[in-house]
Amino acid sequence: MKSNWEEKMIVYMKPGATEEEIGRVTARIEQFGNRHDVSRGDQVMIGIKGPTQKIDEGYFAELPGVERVFRISKKWKEVSREYHQRNTVIDVNGVKIGEGLVVIAGPCTVESREQTSETARMVKAYGANMLRGGAWKPRTSTYEFQGLGEEGLEYLALAKEVTGLPIVTEIMGAEMIPLFEKYGVDIYQVGARSCQNFQLLKELSGINKPVLLKRGLAVTIDEYLCAAEYLHAGNGSNSGNKNVILCERGIRTFETATRNTADVNAIAWIKRYSHLPIIGDPSHATGLRELVPDISRAMVAAGADGLIIEAHFAPENALVDGQQSVRDELEGIIKKCKEIYELVHK
Ligand code: PEP
Ligand code: MN
């Protein structure tokens, strides 16, 4: 007996299908007791949610306006390219992720009002499109600085006001959602250590803010896309959060010379088999400031839609991750990576 995650059916409508034709398909899906998810790109695509083993493709193929009906039988379906052939583009306050190189830069951790605003001004001047900075930090040791919490969100919001840059910060638990809303966080980052916190993913599948899902330290590509599916497909009581941005931030290998190992394979693989945008994090992937420019270029060359780079106006004084934070190097990184992006995408 197949459980209901094993298959998903998708009905592709012919280009120019009418609303009436679409309505006939969705009505028939409802007759089977299933839910549907209508996606309107160049071509209308209707996903059938819930158990589909009793549904024959023919029930839909015979309807007017239907081009084809097919089933996806892997654990991640909605995030796959079979489900959605064109790249997903996510609009964050006018910054489009998935269309042109997007650079998110800023400190690992929000430390003070001045540090956040100064760094925001600096990264904007060097060409970054968004500001990053952790208010709550997932630290390995409980004795390490845990972040400023709500005060950190306040400083991020101020820096956004001053620079106009959208802000990205990490959410560690669903109870933080109201505070994130209050301070106008533009992208909710799910950190590597929360990549498989399925309860958190379920909660975030029901919000209308973009989620930046970082790859877990020891999560395979397949497991990573399964985690993304939790956000995209929703949890039964909602239809999912379609604004999912992936991030390759290095995986744990036997190597110790670098903090992690940048998996550029994953970027190329995911671009091929998923429609979601993926950005690279050369800072956590290497842990070494001097390697950040090189690995930024490698990630963009492999097909990344953007980068998230730790930058600080005084890296030598950074409370967290100073050894991997850049300063003036950021300008050159962005310039070079934009050239590479153009070469890759022309
Ligand atoms: C971060 O972005 O500061 C961070 C904690 O990254 P990761 O979750 O990838 O370790
Ligand atoms: Mn960091």
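Read-outs: derived from the displayed coordinates by stated rules, not from any lab. Everything numeric in this text was worked out from a predicted model, so none of it was measured. Ideal geometry is used to build each Cβ from the backbone, glycine not excepted, and the neighbour counts take in all protein chains shown.
Output the peptides 46-56, 104-114 sorted from most to least packed, where packing is the average of other Cβ atoms within 10 Å over each peptide's residues. Mind dumping the intermediate values first?
Working: 46-56: 17.2, 104-114: 23.8.
The peptides rank, most packed first, as 104-114, 46-56.
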> What whole number of Å gives the distance from the Cα centroid of segment 230-264 to the Cα centroid of segment 300-335?
Replying inline: 20
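Write down the percent of antiparallel bridges among all DSSP beta bridges whose residues are both part of the chain, to the nearest 5.
Working: 21 of 47 bridges.
Expressed as a percentage, antiparallel bridges in the chain total about 45.
Out of the chymotrypsin sites (Phe, Trp or Tyr not before Pro) in segment 217-283, which ones are loop residues according to DSSP with at most 16 other C-beta atoms within 10 Å? It would help to have the intermediate numbers written out before the result.
Working: sites: Y224, Y230, F254, W269, Y273; in loops: F254.
Loop-located and lightly packed - F254.
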> Which of the GluC sites (Glu not before Pro) found in segment 231-311 are loop residues per DSSP with 15 or fewer other Cβ atoms within 10 Å of their Cβ?
Replying inline: E255
> segment 47-71 to segment 140-159: how many Å between their Cα centroids?
Replying inline: 49
> Which of A302, A192, A125 moves most in a GNM of the chain, Cα contacts under 10 Å?
Replying inline: A125
>> List residues of segment 169-193, by number, whose backbone nitrogen lies under 20 Å from a label position 7 Å along Cα→C-beta of T142.
In response: 172-173, 193
> For segment 220-269, which trypsin sites (Lys or Arg not before Pro) are both in a DSSP coil and crowded by at most 15 other Cβ atoms within 10 Å?
Replying inline: R252
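Once the convex hull of the alpha carbons of segment 289-340 is built, what does its volume come to per residue, in cubic angstrom?
Values: hull volume 3.4 nm³, N = 52.
It is 66 Å³ per residue.
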> Can you give the relative contact order of the chain as a percent, counting alpha carbon pairs under 8 Å and 6+ residues apart?
Replying inline: 15
> In Å, what Rg and Dmax follow from the Cα atoms of segment 8-72?
Replying inline: 10.4, 30
> How high is the FRET efficiency between E21 and E339 when r is their beta carbon distance and R₀ equals 30 Å, given to the nearest 0.05?
Replying inline: 0.05
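What percent does the relative contact order of segment 8-72 come to when contacts are Cα pairs within less than 8 Å and at least six residues apart? The partial results should precede the final answer.
Details: 108 pairs, mean separation 32.9, N = 65.
Relative contact order of segment 8-72: 51 percent.
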> Among L231, L217, L307, which one moves the most in a GNM of the chain with springs linking Cα atoms closer than 10 Å?
Replying inline: L217
> Across the Cα atoms of the chain, what radius of gyration and what greatest pairwise Cα-Cα distance (Dmax) are found, in Å?
Replying inline: 21.0, 67
>> Give me the mean projected area, in nm² to one decimal, of the convex hull enclosing the Cα positions of segment 1-140.
In response: 12.9
> Taking a threshold of 18 Å on the Cα-Cα distance, which of the pairs K49/K202; K242/K338; K77/K346 fall above it?
Replying inline: K242/K338; K77/K346
> In the Gaussian network model of the chain, springs joining C-alpha atoms below 10 Å, which of L131, L225, L291 carries the largest mean-square fluctuation?
Replying inline: L291
